[in-house]
1. Residues of the stretch 46-57 being hydrophobic (A, V, I, L, M, F, W, C) and either more than 25 Å from the chain's Cα centre (by Cα) or more than 23 Å from Gln157 (Cα to Cα) (or both), which ones?
2. Only residues in the stretch 257-276 that are of a type outside the set (A, V, I, L, M) count as the first member; pair them with residues that are assigned to a loop (DSSP other than H, G, I, E, B), Cβ under 6 angstrom, at least 6 apart or cross-chain, and list the lot.
3. Of the residues in the stretch 157-173, how many are more than 14 Å from the chain's Cα centre (by Cα) and among the charged types (D, E, K, R)?
4. Specify which of the listed residues (Lys80, Lys39, Lys47) is in a helix (DSSP H, G or I), farther than 25 Å from Ala181 by Cβ and either in contact with a Cys (Cβ under 6 Å, 6 or more places away or on another chain) or outside the structural domain of Gly215 (by TED's automatic domain parsing) (or both).
5. Any idea how many residues of the stretch 83-108 are under 26 Å from the mean Cα position of the chain (by Cα) and either crowded, with 17+ Cβ neighbours inside 10 Å or not assigned by TED's automatic domain parsing to the domain that holds Lys39 (or both)?
6. Can you tell me which residue within the stretch 153-175, out of those that are surrounded by fewer than 17 Cβ atoms within 10 Å (Cβ to Cβ) and touching a residue at least 40 places away in the same chain (Cβ under 8 Å), is farthest from Val225 (Cα to Cα)?
7. I'm checking my understanding of the structure. Among residues of the stretch 273-311 that are of a type in the set (Val, Ile, Thr) and closer than 15 Å to Ile223 by Cα, which one is modelled with the lowest pLDDT?
8. Assess whether Phe71 counts as being part of a loop (DSSP other than H, G, I, E, B) and touching a His at 6+ places or on another chain (Cβ under 6 Å).
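The values are calculated or read from the model by the stated rules, or taken from the named source; none is laboratory data. These numbers come from a predicted model, not from an experiment. Methodologically, a virtual Cβ is constructed for each residue, glycine included, from the backbone with ideal geometry; neighbour enumeration extends over all protein chains shown.
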Amino acid sequence: MQTLHVTHPLKNNEIPQQNTVLIMGFFDGVHKGHQQVIKTGVDLAKKNGLKSVLITFDRSPRVVYQHVQNFKYLSTEARKQELIQQLGVDYLYFVEFTEDFATLKPQEFVDEYMIGMHAKFVVAGFDYTYGKRDIANMDTLPKYSKNKFQIVTVPKQTFDEEKIGSSSIKEMIEDNNIDEANELLGYDYQNSGTVVHGLQRGRTLGFPTANLSVGKGELIPSIGVYATRILVNGKWYDSMTSVGYNITFAENTGVTVECNIFDFDEDIYGNEVTLQWVHYLRGEIKFSGADELIDQLKKDRENSKSFLFDK
């Protein structure tokens with residue numbers, strides 16, 4: 001897959017030379033609903049001897065249109081690229097969502113980013129928009145297409161009769177429902193980050209932790225303890241991770257992400273790692289002291305190992 005980062009307006013050398021199947025959407029998280037849209041486009045391209053081209057953006061349109069502050073994403077740009085590549089897309093375009101780009105009228109957008117991209121088919125989800133929802137939706141797209149391409153609308157994908165959507169998945173991740181969120185994502189949710197120095201209290205308790213500074217803009221799961229896996233230097237390790245405030249010792253550290261890696265004893269300060277959230281174990285508890293906390297950590301470790309082994 002070839003990945004391009006482009007800014008409006010497109011330059012001639014950024015436009016595909018061959019006819020394409022365009023796959024349109026923001027695809028935050030690339031969840032099961034998104035996967036169905038992308039697979040539909042990739043299959044259509046293969047069937048018709050065309051190139052599959054996915055067009056997305058470098059930031060959420062909500063950040064530009066609605067001026068949402070501190071917007072949290074399900075997938076970084078790198079993670080989104082990885083997930084899309086796994087689905088067999090030929091070309092991935094990240095369009096910089098500038099104020100100038102945001103002012104494009106629906107017909108201008110279709111002319112430049114659909115017709116201008118040599119689309120023979122345009123594939124998108126049923127709720128895809130390219131401007132104001134009431135005038136720039138999948139139902140109105142035929143009016144703008146000038147009969148230059150065929151339109152393929154992928155219907156709503158559901159789970160328990162509810163739409164699979166990025167917003168609902170975020171709510172699950174923030175509400176102790178990581179297991180259900182993973183089901184809708186189609187994979188175990190991940191965060192990326194850097195291992196930083198902490199208070200090193202875990203080491204004195206016999207449970208040394210890697211303290212993670214998670215990438216800015218990434219959604220972190222709710223407060224609690226989780227069975228996790230962590231990627232360190234190209235190798236996955238079973239682990240358990242706490243997201244919390246260290247309330248037992250009243251250390252006033254703010255929210256921390258602390259990962260106890262099983263059967264591991266290496267200095268990884270400064271390393272970039274990936275943390276995979278597999279299963280929610282319990283909420284944060286204030287213990288009477290170190291001994292009670294250690295007893296619970298032993299139970300957490302056994303519960304984590306049992307769950308990770310069975311999965």
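1. Just the residues of the stretch 46-57 that are hydrophobic (A, V, I, L, M, F, W, C), to begin with: 50, 53-55, 57.
Matches in the stretch 46-57: Leu50 only.
2. Glu258/Thr209; Cys259/Thr209; Asn260/Phe207; Asn260/Thr209; Gln276/Asp188
3. Selection size over the stretch 157-173: 4.
4. On the way: Lys80 fails: farther than 25 Å from Ala181 by Cβ; Lys39 fails: farther than 25 Å from Ala181 by Cβ.
Exactly one residue qualifies, and that residue is Lys47.
5. Going through the stretch 83-108 one residue at a time, the tally reaches 12.
6. If we take residues in the stretch 153-175 being surrounded by fewer than 17 Cβ atoms within 10 Å (Cβ to Cβ) and touching a residue at least 40 places away in the same chain (Cβ under 8 Å), then Lys156 is farthest from Val225 (Cα to Cα).
7. First, pick out the residues of the stretch 273-311 that are of a type in the set (Val, Ile, Thr): 273-274, 278, 285, 294.
Narrowing the set further to residues that are closer than 15 Å to Ile223 by Cα leaves 278, 285.
Details: Val278: 97, Ile285: 80.
The selected residue is Ile285.
8. Working: part of a loop (DSSP other than H, G, I, E, B): yes; touching a His at 6+ places or on another chain (Cβ under 6 Å): no.
No, not satisfied.
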